[in-house]
Amino acid sequence: AQTVTQSQPEMSVQEAETVTLSCTYDTSESDYYLFWYKQPPSRQMILVIRQEAYKQQNATENRFSVNFQKAAKSFSLKISDSQLGDAAMYFCAYRSAVSGTYKYIFGTGTRLKVLA
Amino acid sequence: GAVVSQHPSWVICKSGTSVKIECRSLDFQATTMFWYRQFPKQSLMLMATSNEGSKATYEQGVEKDKFLINHASLTLSTLTVTSAHPEDSSFYICSASAQPTTGLWGTQYFGPGTRLLVL
């Protein structure tokens, strides 16, 4: 069975600085999807970034980028120029690419605090 | 695009009553919808997966007679908590995944959640 591990329960970053959130996963599959979601105090889950395992290029979305290391089964999220609005819980998620398998495996989350 | 709504956002009910929560995909057709439960400061716990027109698949330990799920159309799924008790109080979140022919496929888009308090 697949597992997702977020080893940092909480992280802090100074406003305008850069922070990296770690995520590792375990799978025997070769094709899958990885995601980062943000959950602010409103508790609305917001998609931050998505990565297809077959793509070697790391996904980026504005100030958010990932370091996808397939062999190491690592999928870290880098937030550049951190803003107060980035403060939230961040969840890493895995989804198999096997047909008919649509559910996510979530990590336990990392709470990010942004210091003014 | 890819907006999912949930209604109601907040509900308080008496023990023993039933509560229905609606989840709608507003601008895409959702082949599959998911229902989660989230306890404070914890991750999301998948309760069930539903596909339009077929019975939901429940995760181990989730009482299907307690949490009734209906996915009647490609844009609507409902979760009914039957005979609710205080231990059912929680934050319930739905998500939707689009059809394989769309660029949104494979990604779950989440509703804003419903806070249920059973007195």
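The values are calculated or read from the model by the stated rules, or taken from the named source; none is laboratory data. Quick caveat, the model's predicted, so the values are computed rather than measured. Virtual Cβ from ideal backbone geometry, glycine too; neighbours counted across all protein chains shown. In case anyone asks, the SASA skips ligands and DNA or RNA and just uses the protein heavy atoms, side chains included. Shrake-Rupley method; radii C 1.70, N 1.55, O 1.52, S 1.80 Å.
Values for this structure:
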read-out	value
At most 15 other Cβ within 10 Å, DSSP loop - chymotrypsin sites (Phe, Trp or Tyr not before Pro), the stretch A:1-103	A:Y54
Listed peptides B:106-115, B:15-24 by packing density, highest first (mean Cβ within 10 Å)	B:106-115, B:15-24
Accessible surface of chain A [probe 1.4 Å, protein heavy atoms]: carbon and sulfur percent	47 percent
Over 32 Å between alpha carbons, listed pairs A:K55/A:K103; A:K38/B:K64; A:K55/B:K55; A:K73/B:K41	A:K55/B:K55
Difference of contour (0.36 nm per residue) and Cα-Cα distance, B:V3 to B:T17	2.0 nm
Normalised alpha carbon radius of gyration of chain A [divisor 2.2 N^0.38 Å]	1.03
Fraction of accessible area attributable to carbon and sulfur, chain B (%, probe 1.4 Å)	54 percent
Residue-averaged beta-carbon neighbours from other chains (10 angstrom radius) around B:41-49	4
Cα-centred dipole magnitude for chain A, charges only on beta-carbon of K, R (+1) and D, E (-1), debye, nearest 20	200 debye
Given charges at Cβ of Lys, Arg, Asp, Glu: chain B dipole, positive-most of B:F28, B:S83, B:A2	B:S83
Where GluC sites (Glu not before Pro) fall in DSSP loop in the stretch A:26-116, at most 13 other Cβ within 10 Å	A:E29
Cubic angstrom per residue, convex hull over Cα atoms of the protein assembly as shown	124 Å³
Student exercise, the stretch B:1-110 dipole from Lys, Arg, Asp, Glu Cβ charges, in Debye to nearest 20	120 debye
Gaussian network model of chain A, Cα within-10 Å springs - most flexible of A:V13, A:V66, A:V98	A:V98
Peptide-level mean, for B:91-97, of C-beta atoms on other protein chains within 10 Å	2
